[in-house]
1. Residue-wise, which Karplus ³J(HN,Hα) couplings in Hz belong to the stretch 186-193, taking 6.51 cos²θ - 1.76 cosθ + 1.60, θ = phi - 60°, and x for glycine or proline?
2. Cut-off under 25 Å on the C-alpha distance; same-chain residues fewer than 8 positions from Lys114 excluded. Which lysines are left, in chain and number order?
3. May I ask which residue of Thr209, Val187, Pro257 lies farthest towards the positive end of the charge dipole of the stretch 177-260, with charges of +1 (Lys, Arg) and -1 (Asp, Glu) on Cβ and the Cα centre as origin?
4. What would the Debye equation give as log₁₀ I(q)/I(0) for the stretch 192-314 at q = 0.13, 0.15 Å⁻¹, counting only Cα atoms as equal point scatterers?
5. Rounded to the nearest 20 debye, what is the charge dipole size of the stretch 1-60 about its Cα centre when +1 sits on each Lys and Arg Cβ and -1 on each Asp and Glu Cβ?
6. Check which residues have an amide H placed less than 5 Å from Leu132's amide H, if you skip close sequence neighbours.
7. Enumerate the calculated ³J(HN,Hα) couplings along the stretch 352-358 in order (Karplus 6.51 cos²θ - 1.76 cosθ + 1.60, θ = phi - 60°), each rounded to whole Hz, writing x wherever the residue is Gly or Pro.
8. Using the Cβ atoms and a cut-off under 13 Å, what net charge is assigned to the surroundings of Arg214, where Lys and Arg are +1 and Asp and Glu are -1?
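Every number here is computed from the coordinates shown, using simple stated rules; none is lab data. On a predicted model such as this, the values are computed, not experimentally measured, just so you know. Heads up, the Cβs are rebuilt from the backbone with ideal geometry, glycines too, and the neighbour counts pull from every protein chain shown.
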Amino acid sequence: LELDDGVFRVRSTSGDTFLGGEDFDNAIVEYLLQTFAEANAGLDLRGDRMALQRLKEAAERAKIELSSGFSTEINLPFIHAASDGPRHLQTVLERDQLESLVEPLVQASLEPCKRALSDAQLVPEDIDVVILVGGQTRMPRIQTLVAEMFGKEASRSVNPDEVVAVGAAIQGGVLTGEVQEVLLLDVTPLSLGVETAGGVFTRLIPRNTPLPARATEIFSTTIDNQPFVNVHVLQGEREMSADNKSLANFELTGIPPAPRGVPKLEVAFDIDADGVLAVHARDHGTGRNTKITVTPTTGLSEQDIERLVAEGEEMAGNDQVRRLIADARNKADGLLYSSGKAMEEFGALLPDDEREFLITELADCQAQLESEDLDLVQDAVARLEVSAQRIGEAIYAAADSSGGSEGGG
């Protein structure tokens, strides 16, 4: 957040909705199960639901006590009834033992901080105040790690259990008009864009763009005499449209007949301060336009948003390869189109052997483009570029030869 005279501007958002205090409790429960099994000839309490509930309650109590003390006793009498009598669990858990058990979870909690800083194009030294949110942040190890990362102690001026509820109440007051002196400028939680040739997701408004926002892009047709275009609006962080969430589909019709690539079709995204997105599509030639309004985050919980962001990061490498293949095919499609047109119009000027070679080469390259191997697809594009140049050179050479013969006669 960036604060200035009552204006709260969100610079970026990030989080891990699958990580929380319960994960820390579960780590202690696993430790207690193992301790009990070692003391009782491998007896496993995982099938005893009542024992598990008692273990979980004891684990949470121990975690809370270790936030202020250095050791705590866990005493659970009659935790299990065996054939030879009742069994008890009694052990002492030290703070350093707890920190060792949950260190992977503590480290994982820093990852959203790093992502948020990266998205906001900031470094830890740029942060003036760090606010801890959630009861789990009372754990000394977390506070120490936060201080190490940001180079300063976290603020203790707010209650970590109440800070989210207080913020929500203030924002509720802003929305109803009861609070006038505060303004929250939010950001888009996910990227917004449209589907383009090859099933590629083309972003118009990237994730974490401050609201309100506007973006425009000029597109064109992909086939000759195309009478309409379908505008497919999506949100997400993946490179291919099929992997993102579809928001809306609409058509811009009445496009006059023209060769592919000639019509200029403007797509504009307008998203207001409330996060409502208006999408406009306009044909520059005829002035025809179509508009649709959607709410991007409709049906998406915070967990869904974080999952989509995490998927985008996890699949980034694979998605990048798919995007490069799609981009290469789109480029090849343009080369095949222009080369085919040139061969139709000027092919008769070429020597027979050159014409036959180029026809075969174009067909071979077109077949190779069906491969899912990036190297093969890029090789086909490189060969098409060479073929396109050869067509142009051969046409000009034939024209020069013809012009020279006519001049000599």
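1. 8, 10, 6, x, 9, 5, 10, x
2. Filter leaves Lys152.
3. Pro257
4. So the normalised log intensities are -0.53, -0.69.
5. The dipole magnitude comes to about 200 debye.
6. Here Ser155 satisfy the definition.
7. 4, 5, 5, 5, 5, 4, 5
8. Value of the local net charge: -4.
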